[in-house]
Amino acid sequence: MKKNARLFVISAPSGAGKTTLIKQVMARFPGVSYSVSHTTRPPRPGEIDGKDYFFVTETTFKQMIDAGEWLEWARVHAHYYGTARSFVQKQLEAGNNLLLDIDVQGARQIMASGLDPVTVFILPPSVEVLRQRLATRGTDSAQTIALRLENAKKEITWKDRYRYVVVNDDLAAATEHLCAIFEQEMISGERKMDSSDV
Ligand code: ADP
Ligand code: 5GP
């Protein structure tokens, strides 16, 4: 791995605004690639296979577990999600900055991997605001929303294990905070490379 390649890991309870914030970061930092995860959950309207996720069957997912092909994987909200080891290795070896949008179980595996990730937890202002955002988004059933809120309470207890916590209350302020983290971490990655070149 080239020393300037940064591995960013972002987690948040569902509905906290992670997808919205990540879109803003990706638009601002074209030098950061998005790691497309695999999932067994069905696509939501508008989601594209290979762009939002690789949508796979549970059989395929489990075969990949047995073959050791996941860098990390987890069962989240009753579905499987995973990051392919080969994809991450290739990106980091090529010196490309990479962003992983994964849950707290997956983040924990990456934290233990020795890859020195830059970890960010997106925190909603409150669980009530989270409930409202999930309802307004309109992509999930009442049952799914209830499950995601229950999980959110557990996920939030993990926030202190992350290097940074960004509260997504005002969207513009949260975007600036997250972009400042990316800027700072990419500069410090380049400095590390410069000093190792001497
Ligand atoms: P996640 O990816 O974390 O599940 P989304 O990015 O899909 O969350 O956001 C959930 C909903 O909340 C969306 O409808 C989004 O437009 C809205 N949202 C995101 N951030 C804010 C914010 N700061 N204030 C109000 N609404 C927001
Ligand atoms: P959603 O179904 O709303 O797209 O995602 C649900 C949760 O799964 C989110 O917390 C998201 O970050 C997480 N997730 C997405 N991809 C992965 C992955 O590859 N690994 C893990 N561990 N979690 C993932």
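Against the test of being basic (K, R), within 16 Å of ligand 1 (Cβ to nearest atom), open to solvent by 70 Å² or more (accessible area, probe 1.4 Å) and closer than 27 Å to D169 by Cβ, the options K51, K23 yield a single qualifying residue, K23. Looking across region 3-20 at every residue that is open to solvent by 20 Å² or more (accessible area, probe 1.4 Å) and out of contact with any strand residue (DSSP E or B) (no Cβ under 6 Å at 6 or more places or on another chain), the one that is modelled with the lowest pLDDT is identified as K3. The set of residues in region 116-166 being surrounded by fewer than 18 Cβ atoms within 10 Å (Cβ to Cβ) and either in a loop (DSSP other than H, G, I, E, B) or on the phi > 0 side of the Ramachandran plot (or both) consists of D116, P125, S126, G138, T139, D140, S141, T157, W158, R163.
Evaluating G106 against the criteria (1) assigned to a helix (DSSP H, G or I); (2) buried (at least 16 other Cβ atoms within 10 Å of the Cβ); (3) more than 12 Å from ligand 2 (Cβ to nearest atom) leaves one unmet condition, (3).
The residues of region 73-89 that are of a type in the set (A, V, I, L, M, F, W, C), open to solvent by less than 60 Å² (accessible area, probe 1.4 Å) and free of Cβ contacts under 8 Å to residues at least 60 places away in the same chain, listed by number, are A74, A84.
Within the bounds of region 94-101, is there any residue that is on the phi < 0 side of the Ramachandran plot, of a type outside the set (D, E, K, R), touching a Lys or Arg at 6+ places or on another chain (Cβ under 7 Å) and open to solvent by 30 Å² or more (accessible area, probe 1.4 Å)? Scanning region 94-101 turns up no residue that is on the phi < 0 side of the Ramachandran plot, of a type outside the set (D, E, K, R), touching a Lys or Arg at 6+ places or on another chain (Cβ under 7 Å) and open to solvent by 30 Å² or more (accessible area, probe 1.4 Å).
Taking only region 1-39 into account, find how many residues are aliphatic (A, V, I, L, M), part of a loop (DSSP other than H, G, I, E, B) and more than 8 Å from ligand 2 (Cβ to nearest atom). Of the residues in region 1-39, 4 are aliphatic (A, V, I, L, M), part of a loop (DSSP other than H, G, I, E, B) and more than 8 Å from ligand 2 (Cβ to nearest atom).
Here is a yes/no grid of residues against (1) modelled with pLDDT under 95; (2) aromatic (F, W, Y); (3) more than 16 Å from ligand 1 (Cβ to nearest atom); (4) closer than 21 Å to K51 by Cα:
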position	(1), (2), (3), (4)
V88	no, no, yes, yes
L98	no, no, yes, yes
R108	no, no, yes, no
M111	no, no, yes, no
S126	no, no, no, no
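If only residues of region 42-83 that are within 27 Å of A152 (Cβ to Cβ), β-branched (V, I, T) and assigned to a loop (DSSP other than H, G, I, E, B) are counted, the one that is nearest to ligand 2 (Cβ to nearest atom) is V56. Pairs linking a residue in region 168-184 that is more than 16 Å from ligand 2 (Cβ to nearest atom) and among the hydroxyl-bearing types (S, T, Y) to a residue that is part of a helix (DSSP H, G or I) and open to solvent by 60 Å² or more (accessible area, probe 1.4 Å), with Cβ atoms under 8 Å and 6 or more positions apart or on different chains, are T175/Q24.
The values are calculated or read from the model by the stated rules, or taken from the named source; none is laboratory data. Quick caveat, the model's predicted, so the values are computed rather than measured. Cβ: placed from backbone, ideal geometry, glycine included. Neighbour counts: every protein chain shown. For accessibility, only protein heavy atoms count, side chains too; no ligands or nucleic acids. Shrake-Rupley method; radii C 1.70, N 1.55, O 1.52, S 1.80 Å.
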